[in-house]
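Down below is the structure, laid out as structure tokens.
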Amino acid sequence: MRVIIHPDPQSASIRAANWIAELVRRKPACVLGLATGSTPIATYRELARLHQEEGLDFSRVTTFNLDEYVGLPPTHPQSYRYFMDENLFREIDIPPQNTNVPDGRALDFERHCEAYERQIKAAGNIDLQLLGIGVDGHIAFNEPGSSLGSRTRIKTLAWQTVQDNARFFGSEADVPRMAITMGVGTILDSRQCLLLALGSSKADAIAATVEGPVTAQVTASALQLHRDVVVILDEGAASQLKRREYYVNVESVQRELENVRSANQKNNQGPVG
Ligand code: F6R
């Protein structure tokens, strides 16, 4: 895992947006996996700015969202489809038919989940999956105890998650108890994962994810099995990491390497002979 620590939530979010933007520039028809919740909001705002002010082109991008509450229609202000339309899709030039969010009102959930998996495959699999993390270490709605090989399916939310998400609904009683969610196995099939965590409430979950054992009790820890994971944190989320100094050092060595590379490139482009 590559761990990148930023001084504050804003600069961490901009780094995450730039990470995504670089892929969109390099591969205009890329497939992005997207998350909802508080964490990616500033990242989406920056992506919208990059589109509106710098012409970042999303017209060939396809997206798949991680999850959706069971029972909520797309018009419900707390549905994840509504969230995505409001916070990102309507701000950029992505064709609506290229955006995929599980349907919380599917008639046959099992078939819907299987079809979602097939759609991801048919699109060529996810190039970059953006992830947030729950206080209990969940990714998507893969709550503690979820199989690390799981695929898209229905999950019952943990009580901690119901309580955490009550802030969006006004009361715990209004939070749906179930969600359709990509599985841990689905997420691990992505070519690259970008985990973004902001604030000290995520510090224990991040320490367990990055430095703890791989365990279904902290489903984000399964990311240790993936070959290409980037973790972008602010200082709060990084505050329980034991090897913090090492990660910071790796990044500064990385920057030196990039400087040497671009200097070499310039030298090679100079006049010959
Ligand atoms: C949302 C999702 C969840 C959230 C997590 C953190 O699509 O998959 O795993 O990323 O619950 O939520 P926030 O960002 O609201 O703290």
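The values are calculated or read from the model by the stated rules, or taken from the named source; none is laboratory data. Quick caveat: nothing in here was measured; it's all calculated off a predicted structure. So basically every Cβ, Gly included, is an ideal-geometry build from the backbone, and we count neighbours across all protein chains shown.
Below are the figures for this structure:
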item: Failed condition for G71, given (1) within 15 Å of the ligand (Cβ to nearest atom); (2) farther than 19 Å from L196 by Cα; result: (1)
item: Qualifying residue in region 82-90 (condition: at pLDDT below 95, farther than 30 Å from Q160 by Cβ and more than 16 Å from the ligand (Cβ to nearest atom)); result: no
item: Subset of region 144-185 [assigned to a helix (DSSP H, G or I), more than 12 Å from the ligand (Cβ to nearest atom) and within 30 Å of H226 (Cα to Cα)]; result: W159, G185
item: Residue in region 186-211 that is nearest to the ligand (Cβ to nearest atom), counting only those that are in contact with a strand residue (DSSP E or B) (Cβ under 6 Å, 6 or more places away or on another chain) and part of a loop (DSSP other than H, G, I, E, B); result: L198
item: Count - residues of region 59-113 that are surrounded by fewer than 21 Cβ atoms within 10 Å (Cβ to Cβ) and among the aromatic types (F, W, Y); result: 2
item: Hey, P28 more than 16 Å from the ligand (Cβ to nearest atom) and without any contact (Cβ under 8 Å) to a residue 60 or more places away in the chain or not; result: yes
item: Verdict on N165 being touching a Gly at 6+ places or on another chain (Cβ under 9 Å) and at pLDDT below 95; result: yes
item: All positions within region 235-253 that are under 17 Å from L196 (Cβ atoms) and part of a loop (DSSP other than H, G, I, E, B); result: S239, Q240, L241
item: Residue satisfying condition, being farther than 28 Å from V229 by Cβ and part of a helix (DSSP H, G or I), within set D103, D85; result: D85
item: Complete set of residues in region 118-137 that are charged (D, E, K, R) and more than 18 Å from A35 (Cβ to Cβ); result: R118, K121
item: Check on D57, acidic (D, E), in a loop (DSSP other than H, G, I, E, B), more than 22 Å from M178 (Cβ to Cβ) and touching a Ser or Thr at 6+ places or on another chain (Cβ under 8 Å); result: no
item: Tally of residues being within 22 Å of the chain's Cα centre (by Cα) and of a type in the set (K, R) across region 230-243; result: 0
item: Subset of region 120-143 [more than 25 Å from A29 (Cα to Cα) and either near the ligand (Cβ under 6 Å from one of its atoms) or buried (at least 19 other Cβ atoms within 10 Å of the Cβ) (or both)]; result: I133, G134, D136, G137, H138, I139, F141, N142, E143
item: Condition broken by G37, with the remaining ones in (1) within 16 Å of the chain's Cα centre (by Cα); (2) in a helix (DSSP H, G or I); (3) within 15 Å of the ligand (Cβ to nearest atom); (4) not charged (D, E, K, R) satisfied; result: (2)
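Residue-wise test of (1) within 13 Å of M1 (Cα to Cα); (2) touching a Pro at 6+ places or on another chain (Cβ under 9 Å).
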{"residue": "T181", "(1), (2)": "no, yes"}
{"residue": "I187", "(1), (2)": "no, no"}
{"residue": "C193", "(1), (2)": "yes, no"}
{"residue": "A205", "(1), (2)": "no, no"}
{"residue": "V218", "(1), (2)": "no, yes"}
{"residue": "H226", "(1), (2)": "yes, no"}
{"residue": "E235", "(1), (2)": "no, yes"}
{"residue": "R255", "(1), (2)": "no, no"}
